[in-house]
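Read-outs: derived from the displayed coordinates by stated rules, not from any lab. Quick caveat, the model's predicted, so the values are computed rather than measured. Cβ placement follows ideal geometry from the backbone for every residue including glycine, while neighbour counts extend to all protein chains displayed.
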Amino acid sequence: MLNRLAPAVVPALVSALISALISALAVLGLIGAPSASAAAPITARAAVQVRSAPADALAPGPFHRQLDPLAGTWKAVKTNYLLGGGKPVVSRDITVTTRWIAKTGGRFLEERTEGTLGGNPYYRLGILGFSTIDRRYEWTTFDSVTPTAMTYRGPALSKRTNELSLPGTFTDPGVLGPEYVGKTIPMRTVITIRSNDKHTFDLYFTPPGQPERLVDRVVYTRRAPA
């Protein structure tokens, strides 16, 4: 019968018969069933290895724990060097609440700031976290002064530090003066964890053709429990 079949059909038929025989013997317990992993292509095995990678690589770790001292309720003193026409504007009535966002698995800190700035109501929402993929801290803020998100991304880190330097850029809406409207301005936030009860946020701008300068400083002091 096999001799009468086309040459191209014979190998396929033989292979099918062998597979059926192996399966039947496996059912009868005469031989072990073929291994699924052995039969799987190399690409499939690689995909399984990726899916089974340790979850710890993506979970919050020591770099997140480095931010733990920032959590809590704070009395903040904010000094702004832009709004006063050369004279610092100091706000002493600012309250800040910072907490880990539980629904993100404790990956991000949420900071809510409320008070006044230059006699006007002031509000800021900030999100701070550590990217375990990029090995860097990332910080984004939204406030009642600037009409754009301020986003900062730090350098890749190999060890923990109490001073986080986070650069970024923003499109100036005019806070540096009308001549800078629409220009891209380099900026940098420096977060310094001084103790469990005190830390500072310093904001620097680098206007085109000028050196970097401090434009805002916030000193946080932990509020005693009520």
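Could you put I133, I127, I191 in order, starting from the residue whose Cβ has the fewest other Cβ atoms within 10 Å?
I133, I127, I191
Would you mind calculating the relative contact order of the range 62-222 from Cα pairs under 8 angstrom and at least 6 residues apart, reporting the percent as a whole number?
Working: 383 pairs, mean separation 30.2, N = 161.
Reported as a whole number, the value is 19 percent.
What distance in nm lies between label points placed 7 Å from Cα along the C-beta direction at S131 and R194?
3.1
If neighbour count is taken as other Cβ atoms inside 10 Å, put R124, R188 in order from fewest to most.
R188, R124
Non-local amide H neighbours of K183 (under 5 Å, H modeled in plane, Pro and chain starts lacking H): which ones?
Those lying under 5 Å, H to H, from K183 are D172.
Summing Lys, Arg as +1 and Asp, Glu as -1, what charge do residues with Cβ under 11 Å from the Cβ of E163 carry, E163 excluded? Provide the component values of the computation, followed by the final result.
Numbers: positive: R160, R194; negative: D202.
That works out to +1.
What are the ³J(HN,Hα) couplings of the range 104-116, residue after residue, when phi is run through the Karplus curve with 6.51, -1.76, 1.60 and θ = phi - 60°? Round to Hz, x for glycine and proline.
Per residue, the Karplus-derived 3J(HN,Hα) values read 9, x, x, 8, 10, 9, 10, 10, 10, 10, 9, x, 10 Hz.
Under a straight-distance cross-link criterion of Cα-Cα below 22 Å, which lysines are reachable from K75, leaving out those fewer than 8 residues away in the same chain?
Of all the lysines, those that pass the test against K75 - Cα under 22 Å, at least 8 places apart if same chain - are K198.
What does the charge count around N196 come to, taking other residues whose C-beta lies under 10 Å from its C-beta (Lys +1, Arg +1, Asp -1, Glu -1)?
+1
Sketch the reach of a paramagnetic label on T116 as a point 7 Å from Cα along Cα-to-Cβ, and name the residues of the range 60-104 whose backbone nitrogen lies under 12 Å away.
90-94
Quote the FRET efficiency, to the nearest 0.05, computed for S158 versus Y123 with a Förster distance R0 of 22 Å and r equal to the Cβ-Cβ distance.
Details: r = 36 Å, r/R0 = 1.65.
With a Förster radius of 22 Å, E is 0.05.
Once you put a point 7 Å from the Cα of A149 and another 7 Å from the Cα of I185, both along the Cβ direction, what distance in nm separates them?
That separation, rounded to one decimal, is 2.0 nm.
I need the calculated FRET efficiency for the pair V77 and D56, taking r as the beta carbon distance and R₀ as 35 Å, to the nearest 0.05.
0.35
Can you run phi through the Karplus equation (6.51, -1.76, 1.60; θ = phi - 60°) for the range 161-171 and list ³J(HN,Hα) in whole Hz, with x for Gly and Pro?
Using θ = phi - 60°, the values come out as 8, 8, 10, 9, 10, 10, x, x, 9, 8, 8 Hz.
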